[in-house]
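So the structure is just underneath, and the comments pick up after that.
Bear in mind these aren't lab numbers, they're just calculated from the coordinates by the rules spelled out. Since the model is a prediction, treat every value here as computed from it, not as a measurement. Glycine gets a Cβ as well: all are built from the backbone with ideal geometry, and neighbour counts include every protein chain shown.
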Amino acid sequence: MGRKILVVEDDAETASYLVRGLTEQGHNVAHVADGRDGLFLASDGSFDLVILDRMVPGVDGLAVLRALRAAAIATPVLILSALASVSDRIEGLEQGSDDYLVKPFSFAELLARTNALLRRGDTRPDLSPDMRMTIGDLEIDPLARIVRRGGRLLALNPREYKLLEYFARNAGRVVTRTMLLEQVWDYHFDPGTNVIDVHVSRLRRKLEDGFDRPILHTVRGAGYRLGAAQ
Amino acid sequence: MTLRVPTSLRVALVAALLALGSNLALIVFIHLRTHDDAMSMLRQRVAEEASALADVYDSGGRPALNDAVSDLLATDPQFLGALVDRNGHGRSGNVHSLAAPPARLRRGYQEGLIDPVGGAAPIVAGFVLKPLQHSLWLVSGRSFGERLALQRTLERALLLAGVLSVLLGLLCGLVTARYVSRSVRGIAAVAKGITGGDFSQRVPITGSSDAFDGLGAQINLMLDRIVALMEELRLLTDSLAHDLRSPVGRLRARVDAALAAEDDARRDSLLAGVVAEADSLMRMLTTVLEIGRSEAMASRNQFALLDPGALVAELAEMYEPLAEEAGAALTVETSGSIAPFSGHRQLLAQALSNLVDNALGYAAAGGEIRLFVEQRQGELRLGVADRGPGIAEADRQEAKRRFGRLDGSRSTSGAGLGLSLAEAVAHLHHGRLELDDNRPGLRASLVIPIGAVA
């Protein structure tokens, strides 16, 4: 489970918060406070994930990112930034980052995104798009877009299907509301209402009505998790 | 090295030189067109005859001189020759009298009026005076004839005109300089007052609609705009400071309560509330930032072609469950075929979602919320219409203001930023936010010009 993560962050408090939290999750975390050092360490491609502050001394975060991508280093990069406007986020993503998280953030949000990025690098044959995904008694056929639970066909509308597919690709892991908004709706602003929760609870009703075991769980203070186990 | 000359003096000099230059050019032109050699030939002949007569007098005395003068008078009708006494009266020859006693006239060549013998009118002539013995003077010269007399008058007039044009040029320069410096001084005084902090000052407009009035009017417009922006900024910072107090206060109260809580479950629920408050605070700050960015026209480089119909359909799909929960029906109305246009998908979606949020918050009881897209007269209108209480016409401006709230209280949720964000996004697209009466209800539209390519 432990993976190699590089944290490039000049703010000592945020850095130690990140290093402590990620180490507790069993990861092997390296930390530098300078963009130049970060670029140096990351350029051998040995890390599984780089968490990069956008404004670090030395070389700035986006420049580090561009340099890495120019050198064909495909390590997933998560940008941390105090620049919170929608256009800043889009700019960050357009420069080649895999995710963009605005400060201040909750550790739960960071962890959920970290896990999603780490798993993206994995090659899990049971999750490849042309194959059925099976979570407990839930079966998803991505090609035919057919969903069955306990053999019973579930009628989902296209959005509900997309939502479920995203949950399924991150099965067993926490998915936050903002991740859903970004990945399923491709919106990078904070709607500030429970609009996502309503969609999720509709999906949950369809997945769970008539079954005695819950499968789409709410994780308090973080988001949701699709999984057979409690 | 440059000499530092006051601007008004420079303006005066330039105006004077221009006036003088153009006048002198005219004078020289007239002179060149009218002048010929006749005058100088006459002058030369008079001088030669005078010196020849002087030689005759020196060698042969008065008798020889008288003979020579008589010869010339007999052969040349233009010749003037005489001996005059100290009062200028002729004793012999064809001069009756000079205009002045010879002692008061110059010696060399001169031009003047001479009364000829026989009582005719005075004639203009060029002549030379030479003193002889016994208080007598020899006058020898030639009368000008009509054309030469005219030319001489003209040249004198031109000379006078030259002198006058110097004076007029100076006057002209002074008047111009005074006018310019008075106008500029007015503007400078206003600028000084404003630098000193008095923003109520305006450049006086004389009503003459000249360039200075135009400049003054433009400066006044600029000042009005600056004052309005400053006022807006002041209101914004005031209301930001004010509006942040209540969420921070709630945050504090919850932390206090959590600290004092006896049992863990209660503490946890209070702390969850703290997180929610902190999030809404962050959201508020992000929105204020977003508004500022949009008003500053940043992020126009992220524009891309997008289909407004699809955008509206997407948002309707996103909000439909929420609307249903609130007991309202969310519908989409697309009139005609809508061409794709260049816009910022994220910000437009955020603006529209704010409008939908508002409709859900204030008008869900109205039962119907309609997202619409329409295109007419080169304008794309997309927005939300509801059947709620609407906004009275008088309150619409206030509603668009940042932190503007209509209910007076600040207890309802939402920071009053939704409409001002929508308006800022409309501005980013060179458009505007329109709030209209939906009879009943509110019809909020982002109106975006799509130019000639429709």
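Restricting region B:4-43 to trypsin sites (Lys or Arg not before Pro) that sit in a DSSP loop and have at most 16 other Cβ atoms within 10 Å of their own Cβ leaves B:R4.
For the residues A:A72, A:A168, A:A82, a GNM of chain A with alpha-carbon springs under 10 Å puts the largest fluctuation on A:A72.
Phi-derived couplings, Karplus 6.51 cos²θ - 1.76 cosθ + 1.60 at θ = phi - 60°, listed residue by residue for region B:360-375: 5, x, 10, 10, 4, 5, x, x, 10, 10, 10, 8, 10, 9, 8, 10 Hz, with x used for Gly and Pro. Partners of A:K4 within straight-line reach, counting aspartates and glutamates whose Cα lies under 16 Å from its Cα and excluding those fewer than 8 residues away in the same chain: A:E24, A:D44, A:D48, A:D122.
Given a Förster distance of 41 angstrom, what is the FRET efficiency for A:R36 paired with B:V275, based on the Cβ-Cβ distance and rounded to 0.05? According to the calculation, E is roughly 0.70.
When only C-alpha pairs under 8 Å and at least 6 residues apart count, what is the relative contact order of region B:51-175, in percent?
On the way: 181 pairs, mean separation 22.2, N = 125.
Once normalised by length, the contact order is 18 percent.
Computed over region B:219-377, relative contact order equals 20 percent, with contacts defined as Cα pairs under 8 Å that lie 6+ residues apart. With R₀ fixed at 35 Å, the C-beta to C-beta distance from B:Q44 to B:Q133 puts the FRET efficiency at about 0.80. Measuring nothing but how far apart in sequence close Cα pairs (under 8 Å, 6+ apart) lie, relative to its length, region A:4-121 scores a relative contact order of 23 percent.
In chain B, the calculated helix contribution to ellipticity at 222 nm averages -20000 deg cm²/dmol per residue, counting -39,500 (n - 2.57) for every DSSP H run with n ≥ 4.
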